[in-house]
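Here is the structure we will look at, set down as structure tokens.
The values are calculated or read from the model by the stated rules, or taken from the named source; none is laboratory data. Computed from a predicted structure; not experimentally measured. Every residue, glycine as well, gets a Cβ built from its backbone with ideal geometry; the counts of neighbours run over all protein chains shown.
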Amino acid sequence: MNVESTRNVFEAQDLRVYFRVKARGSKLFVRAVDGVDLSVERNTSVGLVGESGSGKTTLGKTLVGLIKPYSGRVLFEGRDLYRLSRQEMKDFRRRVQMVYQDPFDAIDPLYSVYDAVAEGMRILRLYSDKQQMDEAVYRALETVRLTPPQEYAARRITSLSGGQRQRVAVARSVAMNPEAMILDEPVSMLDASVRGEVIKLMSDLKLAGKTFMMITHDIATVKFFTERIVVMYLGKVVEVGDSLDIISEPLHPYSQALVAAVPVPDPEHKVQSLAKGEIPNAVLPPPGCRFHPRCPIAQEVCKTEEPLLREVRKGRFVACHFA
Amino acid sequence: MLGINKIVRVKNFTVEFNTPRGKLAAVTNVSFDVNQGETLGIVGESGAGKSTLASGILRLLPFNANIVSGGVVVDGKEVLSMSESQLNKELRWNVISYVPQASQNALDPLYKVRDQFVETVQAHSDVRESEVLARASELLEHVGVDPAKLNSYPWELSGGQKQRVMIALALILNPKIIIMDEPTTALDTIIQAQILELFKQLKQFQKLTSVFISHDIAVISNVADRIAVMYAGRLAELGEVKEVFSRPLHPYTQGLLKSVPDMRKNEVFGFIPGLPPDLVNPPTGCPFHPRCPFVMEICRTVLPTFEAYGGEHYAACHVASKKFVEAK
């Protein structure tokens, strides 16, 4: 395998993903992702953070080849994802896995744990031998610490707790032995007491050499899991940088609002609501800076001129006229 | 003295569910008071009994639930001995209102927002529609929703707006007490911060007494004056928020506090191994003992009693009790 040319596992180049508004005669588009450049290096983890409606899940699905972009390119190991051959695409479907938000939806309730974990391997016909398939399933269950694996494999999905189901969702991806995983809100459905356990599990997988992207609205979760954070707002990237730097000193007013909104287990420390109102819809995004109607420091220029993402210090990119 | 500023009093409250597998002990022997003007936060995992406790106070339990024992006094009235119509007339909504979990979905999609207000009010009192709407407009403005939304359908509103409408709806009859069950759980963090700020303003201006339920102990630390920690249908700990956060007595509370990421710190957050018990077959002794890092022999067999450890700080834990004795 040629490793040199593939420092970036994923790369998005001026990526735009639009959905047509489904009204009769409508020529309008929802601009879910609207001009995003981004790269994810091998063996690193990136947190993609923003509110619902920021376009982060759409971006994730586009990176794994589930949604075709309107324009721009997605590169996987330097090659255009939408120009892969059939065989290459099949290979890609194994090597890159997406773990969905809300595992209750992603898994058929009548499935046994075994079926759920084996599903992807069956579709791609990874094993013709029953014994090999069994081993792959049990290994994956062991990785997510559902042990003894034989016992869990026989259980119905519906008999599991939320945390266990989320681990099954991770296991079915892990079973494919992927090189990269994109996780969409992997812990937001879980009780606090088990969140840390799932994060720990994924940290262990990270140590085992996998590349990760974690999509979440909760910037606190990614702090402890990812090296880089990409903050998205209404289809655009507004800030990129090292996780710890962004959290200790967010530069974009939107990132500042995200950080200030996170509750901390300390009665002396209260959340602050720095962004007013709600994220507008992406059909007719505000002119100028898309964040200006909610921004506490917006000026005239923000209403007309769109700020470009620029490097304000080493490794830190911000799209704000005042950063 | 007793009962003057304790606007809600719950004593030995026990609720069971009839399930195909047998009786499920959802809430067992829970006692607490809510003082006038304070916010009591109730925290615990899914299945800890938080919602059963909250809806049980108002007798809004599902049909397969059974209040086995206990007493509930709200604003001087004995809830458990009132008739359904008495409850509707004298307590629900006008003295105490309840915003259920996932209440964004509690709004009927076929009714405009204005009709939800009118129907709610007219079910509990004789007020003219024009008066209801005037008061509703005022309230919506107050909670940060454009009063023009009275003519919208719920599905035309965002999650945050629906939550604000639900809060306005709960306040429409000027209750003294409001119970909110996971009011920010489905919301994005920024919208959650807005709702938490709104809640603090309401508390200040309307002098509301409230019970705020959340699975997120960090959210509770933002709004509550006192905190009740529930585990497996029982109270594990109860006390002033500042006291409980600085000196958590129950190992479950300690574990919960460590499970929440603290953005200001650089340590990775932890977790509590294992799962909450099955309440059809609860473990003997302390319900937390199978997951407790400090478990002692006695914990496996003897249920710890709920005791005071200095001032108004209570816990049900043999380990806390042993430490307390040793310290003396």
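The residues in region B:68-104 that are exposed (fewer than 14 other Cβ atoms within 10 Å of the Cβ) and closer than 27 Å to B:Gly159 by Cβ can be counted, and the count is 1. The residue that is nearest to A:Ile199 (Cα to Cα), among those in region A:145-181 that are within 14 Å of chain B (Cβ to nearest Cβ) and of a type in the set (A, V, I, L, M), is A:Leu146. Checking each residue in region A:283-298 for being farther than 22 Å from A:Leu28 by Cβ and surrounded by 12 or more Cβ atoms within 10 Å (Cβ to Cβ) picks out A:Arg294, A:Cys295, A:Ile297, A:Ala298. Counting the residues of region B:199-224 that are aliphatic (A, V, I, L, M), outside any loop (DSSP other than H, G, I, E, B) and more than 8 Å from every other protein chain (Cβ to nearest Cβ) gives 5. Of the candidates A:Ala153, A:Ala175, A:Ala192, the single residue that is farther than 30 Å from A:His292 by Cβ, in contact with a Phe, Trp or Tyr (Cβ under 9 Å, 6 or more places away or on another chain), at pLDDT 85 or above and small (Gly, Ala, Ser) is A:Ala153. Of note, B:Leu196 does not satisfy the criterion of being assigned to a loop (DSSP other than H, G, I, E, B) and either modelled with pLDDT of 90 or more or in contact with a Gly (Cβ under 8 Å, 6 or more places away or on another chain) (or both).
Taken together, A:Arg195, A:Arg172, A:Arg165 contain a single residue that is buried (at least 20 other Cβ atoms within 10 Å of the Cβ), of a type in the set (Lys, Arg) and over 25 Å from A:Ile123 (Cα atoms), which is A:Arg195.
Taking the conditions exactly as written (in contact with a Ser or Thr (Cβ under 9 Å, 6 or more places away or on another chain), within 12 Å of chain B (Cβ to nearest Cβ), closer than 17 Å to B:Gly270 by Cα and outside any strand (DSSP E or B)), does A:Ala257 satisfy them or not? Please lay out each step first, then the result.
Working: in contact with a Ser or Thr (Cβ under 9 Å, 6 or more places away or on another chain): yes; within 12 Å of chain B (Cβ to nearest Cβ): yes; closer than 17 Å to B:Gly270 by Cα: no; outside any strand (DSSP E or B): yes.
No.
Which of the helices (runs of 4 or more DSSP H) contained wholly in region A:159-236 include at least 1 residues that are more than 24 Å from A:Ala319 (Cβ to Cβ) and among the hydroxyl-bearing types (Ser, Thr, Tyr)? If you could, list the steps in order and put the result at the bottom.
Values: elements: A:162-174, A:192-207, A:219-223.
Output list reads A:162-174, A:192-207.
Matching residues to (1) within 11 Å of chain B (Cβ to nearest Cβ); (2) on the phi > 0 side of the Ramachandran plot; (3) touching a Lys or Arg at 6+ places or on another chain (Cβ under 8 Å):
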site: A:Ala220; (1), (2), (3): yes, no, no
site: A:Met232; (1), (2), (3): no, no, yes
site: A:Ser273; (1), (2), (3): yes, no, no
site: A:Leu284; (1), (2), (3): no, no, no
site: A:His292; (1), (2), (3): no, no, yes
site: A:Pro296; (1), (2), (3): no, no, yes
site: A:Pro307; (1), (2), (3): no, no, no
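Of all residues in region B:258-302, those being at the interface with chain A (Cβ under 7 Å from one of its Cβ atoms) and among the β-branched types (Val, Ile, Thr) number 3.
List the pairs whose first member sits in region A:110-124 and is without any contact (Cβ under 8 Å) to a residue 60 or more places away in the chain and more than 12 Å from A:Ala140 (Cα to Cα), whose second member is in a helix (DSSP H, G or I) and of a type in the set (Ser, Thr, Tyr), and whose Cβ atoms are under 8 Å apart, counting only residues at least 6 apart or on separate chains? Partner pairs satisfying both residue conditions: A:Gly120/A:Ser173. Contact map, region B:278-293: residues that are among the small types (Gly, Ala, Ser) paired with residues that are in a helix (DSSP H, G or I) and surrounded by fewer than 21 Cβ atoms within 10 Å (Cβ to Cβ), Cβ distance under 6 Å, separation 6+ or inter-chain. Pairs shown: B:Gly285/B:Arg300. For region A:144-162, a residue qualifies if it is surrounded by fewer than 20 Cβ atoms within 10 Å (Cβ to Cβ) and touching a helix residue (DSSP H, G or I) at 6+ places or on another chain (Cβ under 6 Å), and exactly one does: A:Arg155. Might you check whether a residue that is within 12 Å of another protein chain (Cβ to nearest Cβ), within 30 Å of B:Leu171 (Cα to Cα), assigned to a loop (DSSP other than H, G, I, E, B) and touching a residue at least 24 places away in the same chain (Cβ under 8 Å) occurs anywhere in region B:232-254? Checking region B:232-254: not a single residue is within 12 Å of another protein chain (Cβ to nearest Cβ), within 30 Å of B:Leu171 (Cα to Cα), assigned to a loop (DSSP other than H, G, I, E, B) and touching a residue at least 24 places away in the same chain (Cβ under 8 Å). Among the conditions (1) more than 30 Å from B:Glu243 (Cβ to Cβ); (2) at pLDDT below 95; (3) touching a Phe, Trp or Tyr at 6+ places or on another chain (Cβ under 9 Å), the only one that A:Ile199 does not satisfy is (1). The residue that is nearest to the other protein chains (Cβ to nearest Cβ), counting only those in region A:237-252 that are assigned to a strand (DSSP E or B) and of a type in the set (A, V, I, L, M), is A:Val238.
From the list A:Glu268, A:Glu249, exactly one residue is free of Cβ contacts under 8 Å to residues at least 24 places away in the same chain, of a type in the set (Asp, Glu) and under 30 Å from B:Val43 (Cβ atoms). Which is it?
A:Glu268
Considering each of B:Val118, B:Val145 in turn, give the residue that is in a helix (DSSP H, G or I) and crowded, with 18+ Cβ neighbours inside 10 Å. Don't jump to the end; show me each part of the working.
Numbers: B:Val145 fails: in a helix (DSSP H, G or I).
Just one listed residue meets the conditions, B:Val118.
Which members of region B:294-323 meet the condition of being surrounded by 14 or more Cβ atoms within 10 Å (Cβ to Cβ), in contact with a Gly (Cβ under 7 Å, 6 or more places away or on another chain) and touching a residue at least 40 places away in the same chain (Cβ under 8 Å)? Once the filter is applied, which keeps residues that are surrounded by 14 or more Cβ atoms within 10 Å (Cβ to Cβ), in contact with a Gly (Cβ under 7 Å, 6 or more places away or on another chain) and touching a residue at least 40 places away in the same chain (Cβ under 8 Å), region B:294-323 yields B:His313, B:Tyr314. Taking the listed residues A:Leu75, A:Leu38, the one that is at pLDDT 90 or above, part of a strand (DSSP E or B) and within 25 Å of A:Pro307 (Cα to Cα) is A:Leu38, with no other qualifying. The set of residues in region A:138-192 that are closer than 24 Å to A:Lys56 by Cβ and without any contact (Cβ under 8 Å) to a residue 12 or more places away in the chain contains only A:Ala192.
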